[in-house]
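The values are calculated or read from the model by the stated rules, or taken from the named source; none is laboratory data. What you are looking at is a predicted structure, and each value in this text was computed from that prediction instead of being measured. The protein model used for the area step is the full one, side chains on, heavy atoms only, and it has no ligands, DNA or RNA in it. Shrake-Rupley method; radii C 1.70, N 1.55, O 1.52, S 1.80 Å.
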Amino acid sequence: MDMLTKSVKTALCAVTAGLLACCLSFGGAGAVRAAGYEELPPPVQQPEPAQQGQLIQTRDIDVTGDGKPDNVSLVGSKLDMGSPYYDKLFVVVTSPGQTRVVIPLQGGYNPNMQFCDFIGDKLPQIYVSAENGGSGGLSSFYMYSLKNNVPTAIPLPVPLRVSATFKKNYVVLMKIQETGNSFKIDIKDRKDDYEQFGVYKDGKPVKPIIVTVDAYSLLKPVDKEGSGRCELRGVQRITGISNADTLGYVTSEWQWKKGGWVLKKSAVVPSLPPSLAR
């Protein structure tokens, strides 16, 4: 039996009721903490017997730094096999010596696993995304380093904050708090709604509202130079008088430098380019 077949079986075992406890090996009791990084989530309880494990993705790639390929699998468990929703997700890393690490994640829709060096340590980190579902289009994102076979959660960029000033003639001035830069958004196409809601009267603002800025709906790895070193490109939706009233999007580009994420570029745009649309 080759290594891949063994690893797949191992991954599937990790989410079954009988073997999950023995799979949760983090190199010691409890969670792992590394300087400057976040603590791993605590080990999860065993899945209910009704849950079934499914192998979603698997790849052989060196993520520990010993020069030998590890088998990295993304595994999900479902309470309802007819649903696209995964109740729980796990990243299972099996090293050539059969050392196994299981990282529990929250559930979601359409989970996806990618590999890239985000933090500049010349090793790929594991990056997982999963859609939360719902009208907001939000997703959850996770980044882990397995250097020296120690699972370490890498913090992700904090979402940007945007304030809005409603100007005459149905123009909204959006200001990104982190940079101080402002951008104009024209809302004449929905002026009747804003007049009816009382925000405007005859084109003049009379009852300004506070806009809502969502968390990331997209946080996309981008390897601009094809070097294996990635940045992150973020998208957050901005809404006005209702959740269905999308005023625009705040976009951001992030690069890891000196132990943290640095904002390289940001903007507020009325619509997304195809490269950032989901």
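Rolling a 1.4 Å sphere over the protein heavy atoms, what is the accessible area per residue of region 224-278, to the nearest Å²?
49
Ignoring everything but the protein chains, give the 1.4 Å probe accessible area of E178 in square angstrom, nearest 10.
We get 80 Å² for E178.
Can you bin region 89-141 into rounded, prolate or oblate? Criterion: square roots of the alpha carbon gyration tensor eigenvalues sorted a ≥ b ≥ c, rounded for a/c under 1.5, prolate for a/b above b/c, oblate for the rest. Can you show the working numbers first?
Details: a/c = 3.75, a/b = 1.63, b/c = 2.30.
It comes out oblate by the Cα gyration axes.
What does the accessible area of T179 come to, in Å² to the nearest 10, when a probe of 1.4 Å is used?
Result for T179: roughly 60 Å² accessible.
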